[in-house]
Structure formats: structure tokens, C-alpha cells
Amino acid sequence: MSAHTLTCAVDVGSTTCKYVLCDNLGVRVTQAYERHYTRQAEKVLEFLRVLEHDFNLTPGRDALLMTGSGAGSIAPLLKSRVIQEVVAVAAAVEAMHPDVRFVSEIGGEDMKTLFLTRTGSARSRQVYMQNACSGGTGTFIEKIAAKLKLSAEALSRMRYLGLPLHRISSKCGIFAEADANTLLKTGVPIDEIIASLFEAVVLQNLSTLTRGKTPMPSVLLLGGPNQFFQGLREAWLHHLRTMWKERGVSLDGEAKDLIRIPEEALYYAAMGCIQTVSEGDGRAPVYRGTTELARWIAEGRELRKREQGGTALWRTAEELASFEHRYTRTAPAPAAPRAGCSHAALVIGCDFGSTTAKAVCMSPDGELLDSVYALSHGNPIEDARALFATIRERTGAAPVRALGLTGYGKNLLDSVIGADLAIVETVAHATAGLHFFPDTDCICDVGGTDVKIMLLRNGAVYDFRLNSQCSSGNGAFLQGVAERFGIALDDIAARAFAARSMPRLAMGCGVFLQSDIVNQQRKGWSVDEILAALCAVLPRNVWLYAGGINNFAQVGRKYVLQGGTHRNLAVVKAQVDFIRSKVPEAEIVVHPYCGEAGAIGAALAAKRSVGAGAKSRFRGYRAMEALRFKSTTSADTQCRWCENQCQRTFVDVRVPGGPGRPRSKVPLQPGWDRIIVNNSCPKGLIEDPKEVKQVNEDIECGNGAYPDVGKLAHELAFRRQAARR
Amino acid sequence: MPKALSLWSTHRFWLGLLLELGVKPRNIVLSSDTSEAQFRKYAKGRVAVETCYPAKCLSGHVGQLLLGQRRPLDLILCPMVYSLPSFIAGRVQDTLSCSRDMGAVESMKSSFLDEGGSGNGRLLTPLVSLGEPAIAERQLAESLAEPFGVRRRDVVRAVRAGYRELREFDSEMRDRSMEILSCCARQGSPCIGVLGRPYHMDPGIGHRIVDTLQRQGYPLLWNQYFPKDEALLRWLFAPDLKAGFVSDPLDISDVWPASFSSNTNEIVWGAKFAARCPWISCVVRLSSYECGMDQPTHTPVQRMVEASGTLFFKFGDLDATKPSGSIAIRTETVLHYLAERSESILSQKRARLPPQCPLTQIQAEVG
């Protein structure tokens, strides 16, 4: 029995607020839940006023308890006590469902499991929680559903049982999105993709949050996603049933009856607070009224926001001026190219990236004459044709002395364009970096969609970090946020520098960063302040999160920043401050040609590779214009040589003397040549089974000619007979 | 037996022991190589240790043996290996295995047994100090005699057979490495030295990263099986011996005083060897995600290798996913520098050593 006439418990979650009001016997008087649209304090105030007015909640007499992820900042204003939400949920479950041994609660941005054991009168609770990554949470599901343009309504009705499943990464929402995209492109129906997603969520929960324990019946599923998505519940049923069978768990009834989704699950945390108190001495903090909360909402919040935030990207005007003086782009603009320009020959370098294609024209002396930039249309041949048409027009079809390629499209285009050299991106960037800054230790390239960090020693790239699957830290993310605020890319820096203070954004998962931004905005931070915060968090995401670099002393002291994102001075400022905080003596320079470094490296390397007097293999501008191709991605182009079943694309190009492939599943006439892309191993370049035999023989032959002792040990070490018997 | 962790360096010991105990070859079942599918299907939440992927995978291997067999197995032998046999034992402080190695067995066991699960009675997890044969004999005699229905002295005999088998295998692999090096020496061609832990030979842990390098015509030597031919080592370490930095070529006390961990010691020695061996123009370092044992070795190993002018490339933080895109770019990078620099690296490193090379001498004698 409670010592108070009424006891109220408020649960402040990441998307909704809930309350429960009980009398002194623990009987529920009323309850409600509403979305707070990130205005948590306002919603709590509104709730309390309703409770005072309609249900006679009385300051000084009754009690107030709080729980939930948002309770921490509000409870002190109400002089209330916070009960950890998992503890609260466990108390409610134990009181209401004494037979439950396992609870899974999937929230918007977290997931928890709870193991309840009972030995005689002793009870124990073991809680596991994950809230650092979106993998396996409600956001994870909703993000992909949004991508597939599914309404919440439709999603809630999607099924799991009986549908074919596909592989979807359960580790990260962004990886999963890429998987879902691929499945969609290959024609997998949406219901199968969603079923696979439910599978991924359950597997993620089971594999990270059970830590070797078996979830024993009865099982309770809590949280929005478990409650609302039928398919998710089916996936749980399937996996738990299989697991119980495999592990010989004896069931007291049908498996489906042992997995329950209580209707009032939403209120369990709030009810658990009251339960926890009543299990103790029945005393809870006395409700002191809403005055202080109301005052804080009106005035104090603004003050606290400033206190909690950090200084902006700069401290003093002098500091900013000196930074701008040092880092404002000083690169000489490329000489304006003229039609029929006097340069007898061009050295051309092209960088075919995943989102853009770039080319630079240099003089044989290494002077940058012109650069051409085009958004990628997804097919490197088309991109190449466009680039060369522009170069031809701008240079008056100047003769080409050497041509180098880099970027993911380089292998495909190598023979089609007639390049003198195709080099890997790392080497191209290193060549360009070392050309301008010979003592470089580290090149940090932050592009639109990927982050590359190249660590150099003795003039060679010894380690390389690439993060192209996680949006955290890349330029597109920054640009995307700016666009939503209606700010042009070129204006981001000025706006970010205008901020005098800024909120602290959380490093890490891009999915959560997005929601954090919305939160900060609701807290009253301005667009400029948020942009400053985003620039400030970028280096942490680039180096620590995406790059996984912790030991900066090992990296070295000279850093080159390049990639289009470093055209933004606010980002450069944040980078400089961050790197200096790790390596105080660091020298940090911005590449004079930020976005073109890859293409410049390719050009420089190509120039070196074509000896004096030798002729370039470039097919010529006319041949480029006449280039005809078609590409096919279908079930017929899928690789069948191993279980990976890579979805290849056949790019067929018309070239004089092309051999054609008349017997292919996608037949090709003579006069055409086929380039196979998106394969992940040499076998993927093959269509004819006879060729596979040849490749296998070649691999075997290689094992003999260039042995790998590790592979040999692997083959011989597990023989089931003694060696010399 | 689960093909996991220490089994990747002690395989022949255990197989030799089982065969000597009279287990028929067809009755010895090994789990398959590590794979994501194996982990997904059989580990299902029976996660042993959180961050160390190779340790985590043990649950998948044991799960496969417990649940994935047509006929249930009589015994699953999953030893907790305390120390390891090592070719540099005696010159180092100790040859301990990683503590996670033992911890993984213990926590895997509890996850399969705690809840009256299917592993009861069949899972045998003896603690064994393989680095000290006399102790190992006693430990295994105690733990294996009864389950195998043999006398203790039969187990002791089998343990000795196991050690013999392992020694023979290791020396066979070293011979192969020696042949490869001799061939490189004759042809003046480069090869690659791989520095990693034994389980990086498992395609599911090492992700076959070095395969592409081999396909492009570079032989690969792994530090566990670097040759220890006396004449070769005396030649490679001649300057160090002369300067008194080390007392013998297998000594690592000059660079690694805290030499307790067996695999770490061997990696460090491997780095010294690779830095000196002229034909190893490039070192590839493999390391799994957040490996606490590897962590302190990264800088010294890299510095040693780089100081000699040898190319050094690191593939770190390996875990369950094979990042194909990033691996492809890195291997292409490695190949670029190998082609560009091997020749000059080889001649620079060769010039530092005494003129008379035992590898080419052997060839001259045979010829």
C-alpha cells in the first residue's frame, strides 16, 4: 500500500510520453500516451496540468515518479525520482506476468533483452541493452520501409512466414539499406525484402543481446515495432520455436501461445515505477507542482542550451582571421583553356568515381591547364564520352601525349578509351599528394559518398581506410542536411562561421545523427549553429568512426586534406582543430586542387609511364564520340560459379574486330566486345563452363608456381591420417 | 574437434594424438572452416566473447559439431590451451596462448551447457599446457583416459605421438618455405611475407586477402613457417650477431622484452626475419578487430619492417564481413608498389648482408 493518496508515473521516451496514475491501493485511475514530437518538457507539463485539473493530482500530497530516456533532464525540475526504464519494465513484468522468463523490447533507437530467472523465492534479472547503433531497432525498419515507399499501415500488415528470405545485413541500417536496394534492383518483391528485414532484426537481437543464454518460455515482446509489425512477431515465433526445438526446451503448450504481446505494454515502464516503489517502503518523492518546469520551459532552457553547448568553430575574431588567411584557397586557377591552345600535347588524367567523373588536362611540364567535371550517369562509358567531348571542345582537340585513368571505372574503360595507364585510386591520390607535398604522411580524402584515409610511409601507401557504406562523415550527408535547410553547398561555410555557439552532436551512426539534428533544432538551436555543429562533428566521424584511427602519433605529422568536402572552409577549420588536438605539431594543408587530386595523380603517373618519343594508346576523340555500347543486368547476367551469385552487369561495346559472344545467354554479335563488371573474383569474368575449367587450372597452376605456404598448411594440416605411417 | 583458435597451430598434435589413441580416421570429425553462414546457423546468440571475432566463432564451430551432424558425436574435444609449443621457446619469457583463447572455451561451454542443453556430457574441455610437454602429458592423461576408455600411459604415449606429428608437420612446412626462398634467391625474384596469427589461415577469419597477391605471381610465406635453417639465419642475422644485439638469430629480446605470448613472439620474430630477408620485398600484416594481443605490436612491427626498406601493408580490424571493395583497392595498391619497387628493395636489402649467401651456395653445390 502506498503512503500517498495518488501516485503518478511518467515515462518520457524517445518518441512518446506516457503516464499512469494509481490510487493508494495500486489501482489504476487513468493512463494515456501521446507523441511528443521532441517537445518532451512541454508534453510532460501538459500531462501534469491535465492530471491536476481532471484527476485531482495534488502537489504536496501525492507522489511523482519518472522513467524513460528523456526523464533525466526533466525529473530534477519536478523534484522527482528517475527509475531506470529497464528496471521499471522488469518490475512490471514480474508483477503482471510471473511466468515470463524472457523479454525483448525493441524501441525506436534502442533494443533491450531481459532474462528473468526464479530459483525458489530468489529472483534474478539480467539485462542487455544496445543503443549505439541503429542495427536491429525500429528506426532500422522504418528507414528501409521509407526507402521502399511503404506506409506504416502497409508495413504493419507485411508477413514473414512462408516467404523466401534474402540476405540483409543486420549490423547497420545503412548497410541494410544498400542490401535492400540491391535486392530491389534485382527484382525481389517488396514483401520478401521486408520479410528478410524482420529476419535480420530478430537475428540481430538474438545474436547480440542474448550472450549465450537461451530465451526460455514464456516470452514477452514489448515496444512499438514488436507491437505493430505482424511480420516481426512471426519472425520471433519462427526463431524461438526453432531454437526451443534444437535446444530441447520442453514446452508447456504451443510455442505460439508462449510468446505474448500484451496490449498495455506501452505502459509497463510507468507501471513498473509504481510497482518498484510499492515493493520497497511505499514512499515516493512528493509531487511539488509544475512551477519550476513551466519556468524552465519559458526561460531557463535557453540559458541551459547555451551552457551545454560548445563554443562555435572559432573563439576569437583574430583566430578566425588568421585561419582564413592561412587556408583560403590559394591554388592558382587553371589557365583558361582556349580553342586551339598553343599546347602541343596534353597529358590527361581521368577519375571515374561512383558519383562524379573528373578529368584534368595538364601540360607535359605538369602545369594544370583545365579541369572538367561531370556528374556520373552510372555508366562509366557514357561518362567518359561526355568528358572527352568537353575536352575536345575546350582544347580544340589538342593531341594527347599520355592518358591515365583511376577510379572504379578504370578497368572497364582501360581498353575502350585506349589508356596508357590505369592505376588504383590510392596510388593516384598518393602521387598527386606527394607531387605537391613531398613529405606527406597522411592523405584524408572526404568525397561526396566516401571517406578515404591513406597512410603513407617511404612514399608508399601502407594502410588505407575506405568507408563507402556508412554515410557518417561524408560530404553528401552535410550537403543533404544543408539542402533540407535550403542552404546552397557553397554557403555552408559562411553560415557555419556565423554561429557563436553550437550544440554538441553525437558522433557515429548517420541515422541517429539525423534524428539528433531534429532534436537540437527543436531545442531551439538555429540552422547556422546546427551547421557549425555538423562541421565540428565531421572530423570525429571521419577519423574515429569511419576511419577507425585512434593512434594519431603513428599516423605522422603532415596531413593533406582533399576531396570536394574540403572546399568547405568550416570543415577545414574543424579538421585542423581536431587533428591539432591529437597531434599538436601537425602540419595540415589543403590540396590546391581538392576535388581533382585523383585525376591529377593519374595524369602524372601516365606521363611517367609513356616514355619520351613513345605514342599514347588513346583511341582519339572521334573514336570516343563514335563509341556505342549497351549494358545488361538481368537474371541471365548473374554469376553462377559459386554460392555468392554476384549480380554482374554485361557492358557490350562496339569496337572494330570485336569477337562477339554468339553462344552467351545474352548473345553478342561479332564487331562487339563484352566487358563484365560487378564480379568479385576472376571466375566472374567467365560465361562459358569450359572457361571455368581453364581458370581453375590456372589457379591450380599458380599454386604450384607461386605457392602460398598458408594455403598449403590449410590443405594439409587437417588430414585425418598420420603423416609418416 | 572445432577448427578454431589454437587448433590452427596445434592441429597435427591433436590429430596425431587421436589416431594414436585408436580413433579411426573416419570417426574424427572436424568442423568446417569458419564462415558467416556457420556462425548464423549454429551460434545463434551463443556468443562467447564480444569483440574478438575468432573467439566468438568458436560457438559456431562447436554448434556445428553438436547440432549439425547426421549422427550425434560421442565426444567433442575442445581443449583450453594454456601455452603453446613454439620454435622460439627457451629464448623468450614464455609461450602462453591468448587468455581469450581459454576464456572463449569456458564461456562457450557455459552457453551450451547451462540450460540443460544438448552438449551435456559430450563436451570435453581439458586445460592443457602444450608449451610444456611433461605437464601436458599429465594434464591430458588425467582428462582423456576415462572418456576414451584407455589407460593413462596410453594417453601419455599418444601425447608424445602428437608432438612428433606436429614437429614433423611444422618442419615440412618450413622446408617448403625454404624451397620457395631458395627459388626466389636463384631467380632474384620477390615474395611476400605474411605476419598474422595462425587462425588467419582460416578463410573465414583471414578472408583469403592474400589470394589475389598470389594469383599475380607472388609466392607467400607465413611467419609461423618461416624457415629456421641454421646457415640461413646466421647469414641473415650476421650483422646483429656481430654487433652483439642478439645472442642467437631466434632471440627477440632486443625488440620485445615482454615476450610472454607465443603467437605475438612469433609475429615479432617474423617481422625481424622479413625485414632482413632480401627476397621478402613486402610484408602483409593481418590482424583481427580490436585484437588486444596485436595492439602493442603494430608500431614496433611496422617500424622494423619499414626501416629495412621493405614494403609494409596492414589489413587490420578483420571481422565477420569481408569488405570486398576495400580489399580490392588495397591489394591493387600492394601489387602496384610490389611491381614498382621490388627490384630495388631486393638489391638494397641484399647489399646489407655478407656476400656469401647460403641459399645460392646450396644451389651451386647441387648444380
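The values are calculated or read from the model by the stated rules, or taken from the named source; none is laboratory data. This is a predicted model, so every value here is computed, not measured. Methodologically, a virtual Cβ is constructed for each residue, glycine included, from the backbone with ideal geometry; neighbour enumeration extends over all protein chains shown.
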Task: Top-ranked residue of the range A:145-164 - restricted to ones that are at pLDDT 80 or above and not in a loop (DSSP other than H, G, I, E, B), ranked as farthest from residue A:200 (Cα to Cα) - done: A:153
- [ ] Take residue B:71 and decide whether it is away from every other protein chain (no Cβ under 13 Å), among the charged types (D, E, K, R) and within 27 Å of residue B:223 (Cα to Cα).
- [x] no
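Considering only helices (runs of 4 or more DSSP H) fully contained in the range A:374-442, which possess at least 3 residues that are more than 14 Å from every other protein chain (Cβ to nearest Cβ), in contact with a helix residue (DSSP H, G or I) (Cβ under 7 Å, 6 or more places away or on another chain) and more than 20 Å from residue A:595 (Cα to Cα)?
On the way: elements: A:380-395, A:410-413, A:425-436.
The helices (runs of 4 or more DSSP H) meeting that bar are A:380-395.
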Open item on the list: I need every pair where a residue in the range B:201-229 that is within 9 Å of chain A (Cβ to nearest Cβ) and farther than 18 Å from residue B:312 by Cβ has its Cβ under 7 Å from the Cβ of a residue that is of a type in the set (Gly, Ala, Ser) and surrounded by 23 or more Cβ atoms within 10 Å (Cβ to Cβ), sequence separation at least 6 or different chains.
Closed with: B:201/A:710; B:201/A:713; B:224/B:9; B:225/A:713; B:225/B:177
Open item on the list: Looking only at the range A:317-341, filter to residues that are among the hydrophobic types (A, V, I, L, M, F, W, C) and at pLDDT 85 or above; which one of those is surrounded by the fewest Cβ atoms within 10 Å (Cβ to Cβ)?
Closed with: A:317
TODO: Output the number of residues of the range B:141-155 satisfying the condition of being surrounded by fewer than 17 Cβ atoms within 10 Å (Cβ to Cβ) and over 13 Å from residue B:75 (Cβ atoms).
DONE: 4
Task: Considering residues of the range A:342-373 that are touching a Phe, Trp or Tyr at 6+ places or on another chain (Cβ under 9 Å) and assigned to a loop (DSSP other than H, G, I, E, B) only, the residue modelled with the lowest pLDDT - done: A:354
Open item on the list: When you scan the range B:74-85, do you find a residue that is more than 12 Å from chain A (Cβ to nearest Cβ), surrounded by fewer than 24 Cβ atoms within 10 Å (Cβ to Cβ) and out of contact with any strand residue (DSSP E or B) (no Cβ under 8 Å at 6 or more places or on another chain), even just one?
Closed with: yes
Open item on the list: One residue is enough: does the range B:234-243 have a residue meeting the conditions touching a strand residue (DSSP E or B) at 6+ places or on another chain (Cβ under 8 Å) and not assigned by TED's automatic domain parsing to the domain that holds residue B:43?
Closed with: no
Open item on the list: Being closer than 25 Å to residue A:246 by Cα and under 25 Å from the mean Cα position of the chain (by Cα): is that true of residue B:107 here?
Closed with: yes
- [ ] Looking only at the range B:272-285, decide whether some residue is charged (D, E, K, R) and surrounded by fewer than 24 Cβ atoms within 10 Å (Cβ to Cβ).
- [x] yes
Task: Residues satisfying the stated conditions in the range B:8-47, i.e. at the interface with another protein chain (Cβ under 9 Å from one of its Cβ atoms), in contact with a Phe, Trp or Tyr (Cβ under 8 Å, 6 or more places away or on another chain) and within 21 Å of residue B:224 (Cα to Cα) - done: B:8, B:11, B:12, B:15, B:16
- [ ] Kindly provide the set of residues from the range A:578-614 that are free of Cβ contacts under 8 Å to residues at least 12 places away in the same chain and outside any helix (DSSP H, G or I), ordered by number.
- [x] A:584, A:611, A:612, A:613, A:614
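Restricting the search to the range B:301-322, which residues are buried (at least 19 other Cβ atoms within 10 Å of the Cβ) and more than 7 Å from chain A (Cβ to nearest Cβ)? Walk me through it before giving the result.
Within the range B:301-322, the first condition is being buried (at least 19 other Cβ atoms within 10 Å of the Cβ), and the residues that meet it are B:301-302, B:304-305, B:308, B:310-315, B:318.
Matches in the range B:301-322: B:301, B:302, B:304, B:305, B:308, B:310, B:315, B:318.
Identify all residues within the range B:179-201 that are part of a loop (DSSP other than H, G, I, E, B) and either out of contact with any Cys (no Cβ under 9 Å at 6 or more places or on another chain) or buried (at least 24 other Cβ atoms within 10 Å of the Cβ) (or both); write none if there are none.
So in the range B:179-201, the residues part of a loop (DSSP other than H, G, I, E, B) come out as B:188-190, B:196-197.
Residues satisfying the conditions are B:188, B:196, B:197.
Look through B:90, B:149, B:131 and report the one residue that is over 30 Å from residue B:218 (Cβ atoms) and either in the same structural domain as residue B:347 (by TED's automatic domain parsing) or in contact (Cβ under 8 Å) with a residue 24 or more places away in the chain (or both).
On the way: B:90 fails: either in the same structural domain as residue B:347 (by TED's automatic domain parsing) or in contact (Cβ under 8 Å) with a residue 24 or more places away in the chain (or both); B:149 fails: either in the same structural domain as residue B:347 (by TED's automatic domain parsing) or in contact (Cβ under 8 Å) with a residue 24 or more places away in the chain (or both).
Sole residue among the options that is over 30 Å from residue B:218 (Cβ atoms) and either in the same structural domain as residue B:347 (by TED's automatic domain parsing) or in contact (Cβ under 8 Å) with a residue 24 or more places away in the chain (or both): B:131.
Taking the condition over 21 Å from residue B:235 (Cβ atoms), buried (at least 16 other Cβ atoms within 10 Å of the Cβ) and not assigned by TED's automatic domain parsing to the domain that holds residue B:60, does residue B:353 pass? Step through it out loud before you land on a result.
On the way: over 21 Å from residue B:235 (Cβ atoms): no; buried (at least 16 other Cβ atoms within 10 Å of the Cβ): yes; not assigned by TED's automatic domain parsing to the domain that holds residue B:60: yes.
In short, no.
Looking only at the range A:185-226, which residues are part of a loop (DSSP other than H, G, I, E, B), touching a helix residue (DSSP H, G or I) at 6+ places or on another chain (Cβ under 6 Å) and at negative phi? Before you say what the answer is, go through the steps one by one.
Pass one, the range A:185-226, residues part of a loop (DSSP other than H, G, I, E, B): A:186-189, A:210-218, A:223.
Still in the running and touching a helix residue (DSSP H, G or I) at 6+ places or on another chain (Cβ under 6 Å): A:212, A:217-218.
Correct list: A:217, A:218.
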